[in-house]
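The values are calculated or read from the model by the stated rules, or taken from the named source; none is laboratory data. Remember, predicted model here, so these are calculated numbers, not experimental data. Don't worry about glycine lacking a Cβ; one is built from the backbone with ideal geometry, like all the others, and counts go over all protein chains shown.
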Amino acid sequence: MTRKTVRDYIRTIPDFPTPGIMFRDITTLLADPRGFRMCVDQILHPYADQRIDKVVGLEARGFILGGAVAHQLNKGLVLVRKKGKLPAATLSQDYNLEYGSATMEIHDDALQAGERVLIVDDLLATGGTAEAGIKLCERLGAEVVGCSFIVDLPDLGGRERLTALGIAVDALCAFEGD
């Protein structure tokens with residue numbers, strides 16, 4: 001019997017949300033207890049010997065993963081959200097999308113100077129959202145020890161964008177194309 005990988009649990013849906021896009025659906029991974037456990041364990045593995053003070057989850061599926069990873073580490077979870085979704089005072093970071101721009105926010109008291117954080121999200125495409133998250137954490141004085149993703153879409157250049165910032169990048173699997 002062949003052992004399943006994280007990639008085996010991910011469903012591909014053609015032409016969603018627009019024609020020509022191959023959507024990598026992680027809901028099938030999250031719904032399977034073995035797959036979800038494997039995913040969280042593999043996200044943690046590269047950081048097992050490092051001090052991590054907080055886990056930062058990027059909106060929205062990063063909240064699910066970040067919560068599970070933070071629980072395993074017995075650490076707090078910090079949310080980086082789209083503009084206007086956090087109720088207290090925030091810092092904002094604009095970033096570019098393929099067609100336009102967006103803004104991410106973090107509570108201005110979410111991290112303390114010197115804290116070491118792991119940023120978690122489901123998918124690495126162009127890296128814009130993750131870069132905004134990195135900048136927000138660094139503006140609060142935190143050190144980003146790495147960014148971990150379930151899926152990397154290497155053709156879109158996100159890994160190169162983040163490594164150019166000096167950030168370690170881990171992904172559990174990759175899919176060619178977009």
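Residues in segment 132-178 that are over 26 Å from Asp15 (Cα atoms) and either among the β-branched types (Val, Ile, Thr) or crowded, with 21+ Cβ neighbours inside 10 Å (or both): 14 in all.
Looking only at segment 60-76, decide whether some residue is of a type in the set (D, E, K, R) and under 12 Å from the mean Cα position of the chain (by Cα). Give the derivation first.
Step one: of segment 60-76, the residues of a type in the set (D, E, K, R) are 61, 75.
Now narrow it down to the ones that are under 12 Å from the mean Cα position of the chain (by Cα): 61.
Within segment 60-76, one or more residues are of a type in the set (D, E, K, R) and under 12 Å from the mean Cα position of the chain (by Cα).
If Thr12 satisfies every condition in (1) among the polar types (S, T, N, Q); (2) in contact (Cβ under 8 Å) with a residue 40 or more places away in the chain; (3) part of a helix (DSSP H, G or I) but one, which is the exception? Here Thr12 meets the rest and fails (3). So, Arg37, is that one modelled with pLDDT of 95 or more, within 14 Å of Ile150 (Cα to Cα), surrounded by 13 or more Cβ atoms within 10 Å (Cβ to Cβ) and among the basic types (Lys, Arg) or not? Judged against the criteria, Arg37 is not a match. In the set (1) touching a residue at least 60 places away in the same chain (Cβ under 8 Å); (2) farther than 25 Å from Asp15 by Cα; (3) in contact with an Asp or Glu (Cβ under 6 Å, 6 or more places away or on another chain); (4) crowded, with 19+ Cβ neighbours inside 10 Å, Arg116 fails one condition alone, (4).
Every listed requirement among (1) surrounded by fewer than 18 Cβ atoms within 10 Å (Cβ to Cβ); (2) within 17 Å of the chain's Cα centre (by Cα) is met by Lys83 save one, (2).
Identify the residue in segment 10-34 that is hydroxyl-bearing (Ser, Thr, Tyr) and modelled with pLDDT of 95 or more and, among all such residues, is surrounded by the fewest Cβ atoms within 10 Å (Cβ to Cβ). Show your work before the answer.
Our first condition is that a residue be hydroxyl-bearing (Ser, Thr, Tyr); within segment 10-34, this holds for 12, 18, 27-28.
Pick out the ones that are also modelled with pLDDT of 95 or more and you get 12, 27-28.
Values: Thr12: 11, Thr27: 13, Thr28: 13.
Once the filter is applied, the top-ranked residue is Thr12.
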